[in-house]
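See structure below.
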Amino acid sequence: MNQFSDKSLMNRLQNGQLDASGLLYERYKKVLWTYFFNSTGDRNQSEDLVQTTFEKVLKYRHNYRESGSVKAWLFAIGRNALTDEWQKSSKQPQASLDPSVRPRADQSLNAEEQMMVGDRMALLQLAMARLAPEKRELLAQIKLQEKKYKEVAALYNSNEAALKVRVFRIMQELRGYMDRMQASSQY
Amino acid sequence: MKEQYQALLADFAAGTLDESEQECLESLIVEGEIELADLPDFSALMDKGMNHQEQAEETHNMDERFYAMLETEMEQVEKTKVRAFSWPLQLVAAIALILFSFWGGLEYASSGDGPSRTLGSNQQVVELLAANDIDEKIHLVSKVRAAGQADEKMIDALLFMLVNEESNNIRIACVNVLTDYSHLPQARLGLVNAISYQRSTVVLVSIAEALEASGKKMSLEEFSQHLNPQIPAAKKESLKRILAQL
């Protein structure tokens, strides 16, 4: 086995060589942060979630089984951390989350957003910010897994067809937000 | 995609799908007749709308926090083991630190150009070398990286730490900064010289990656010649296999 393969590093970690997690961290910090950022839209929260993920990696390192992919295990931990965060913030709705990244049911636009509406990509991102967190997370997973729908479906205990329909509906919702934002900006 | 579906997609784009059209579109997606990529804005969202890894802007603060957390965890693990206290080595390191600081002071006194910049740099170097705490050292090294401008003295200090620091995480943090300067002969030569002082394969791989980033990758044989002779043969062979894949 490659000494610096993910699995080998996990072996070392399980044998008490904690510094092996440094290489895992360097290898996955960016992709994890990107996944969290695409799911939350909040830089600081994404950093916190990377930290939480690796704290759990160290804490639960003995739970990893060699038969599975380290990346998948890492992202499962990351996903749990994200879900925990959502649960916490839903119990404390006015917690420290940046209000601009929380889903917004209303279609009112602030001055800055009004200016962004002219740019289609910016409009799409504004609409993304209005999606429910779990919907944003699904889109982030699809991007992360490079559109391998079968693999993403497995993560959600679903099948490929059902997942695609779900994504279709999310896209429809996004379009609805975009249309309403565009309409409101014209008044 | 068949042309007859274009009308459906156009209605989707216009937001005018009725219930039966929506059902129809959903079943076409399930059957694979229409790909999600065919939906207006889907590809744009996936390719440009969401943050790319290359654009990820996580801060150095995240690294600091991780390595600080790791050090704490390692200390806890260490506490469970009987640790040999090697005071003569610490004494040697302390003397080396004093001598290095003294040399830094002499260098500063003899240099005439850019006093304020040199003073700032010297202060940073002394601060870095005098720090006692591992967390503090990692924090200071990260600050050097964030500042983005290490001068010759700072590079020397980082190379000194790369050779003398006990903590592999501090060594790795130093290599991370030095990677940004590996195109400079001083940094590259220092990195090569530091190879023989390393026992940790993680640090060695980091150095190999830094040398690769310099654009003048060392051959495996060349790299291996610098390895510490005390590294067990099996470990050395294993390391060579890893380096061969870099």
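The values are calculated or read from the model by the stated rules, or taken from the named source; none is laboratory data. Keep in mind that this is a model prediction, so the values were computed, not measured. No Cβ is skipped: glycine too gets one built from the backbone with ideal geometry, and neighbour counts run over all protein chains shown.
Here are the numbers for this structure:
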| quantity | calculated |
| --- | --- |
| Residue ID - farthest from the chain's Cα centre (by Cα), chosen from residues in the stretch B:197-207 that are outside any loop (DSSP other than H, G, I, E, B) and either at the interface with chain A (Cβ under 10 Å from one of its Cβ atoms) or under 14 Å from B:ALA173 (Cα atoms) (or both) | B:THR201 |
| Residue within the stretch B:44-63 that is more than 9 Å from chain A (Cβ to nearest Cβ) and at pLDDT 80 or above present | no |
| Test: residue in the stretch B:154-173 that is farther than 27 Å from A:ARG12 by Cα and exposed (fewer than 15 other Cβ atoms within 10 Å of the Cβ) | no |
| Yes/no for A:VAL31 being within 14 Å of chain B (Cβ to nearest Cβ), under 14 Å from the mean Cα position of the chain (by Cα), modelled with pLDDT of 80 or more and part of a helix (DSSP H, G or I) | yes |
| Residues located in the stretch B:24-49, provided they are under 15 Å from A:LEU163 (Cα atoms) and assigned to a helix (DSSP H, G or I) | B:LEU25, B:GLU26, B:SER27, B:LEU28, B:ILE29, B:VAL30, B:GLU31, B:LEU36, B:ALA37, B:PHE42 |
| Test: residue in the stretch A:78-87 that is in contact with a Leu (Cβ under 8 Å, 6 or more places away or on another chain) and either under 15 Å from A:ASP6 (Cβ atoms) or within 11 Å of chain B (Cβ to nearest Cβ) (or both) | yes |
| Pairs, first within 11 Å of another protein chain (Cβ to nearest Cβ) in the stretch B:166-187, second surrounded by 16 or more Cβ atoms within 10 Å (Cβ to Cβ) and aromatic (Phe, Trp, Tyr), C-beta under 6 Å, six or more apart | B:ASN169/B:TYR67 |
| Flag if B:TYR181 is among the aromatic types (Phe, Trp, Tyr), under 29 Å from B:LYS240 (Cβ atoms) and buried (at least 19 other Cβ atoms within 10 Å of the Cβ) | yes |
| Qualifying residue in the stretch A:89-108 (condition: at pLDDT 85 or above, under 28 Å from A:GLU47 (Cα atoms), part of a helix (DSSP H, G or I) and basic (Lys, Arg)) | no |
| Any hit, the stretch A:48-65, residues being at pLDDT below 90 and away from chain B (no Cβ under 11 Å) | yes |
| Qualifying helices (runs of 4 or more DSSP H) (wholly inside the stretch A:118-186; at least 1 residues being away from chain B (no Cβ under 12 Å) and under 27 Å from A:SER69 (Cβ atoms)) | A:133-144, A:149-155 |
| Residues (surrounded by 16 or more Cβ atoms within 10 Å (Cβ to Cβ), more than 7 Å from chain A (Cβ to nearest Cβ) and among the acidic types (Asp, Glu)) located in the stretch B:4-43 | B:ASP38 |
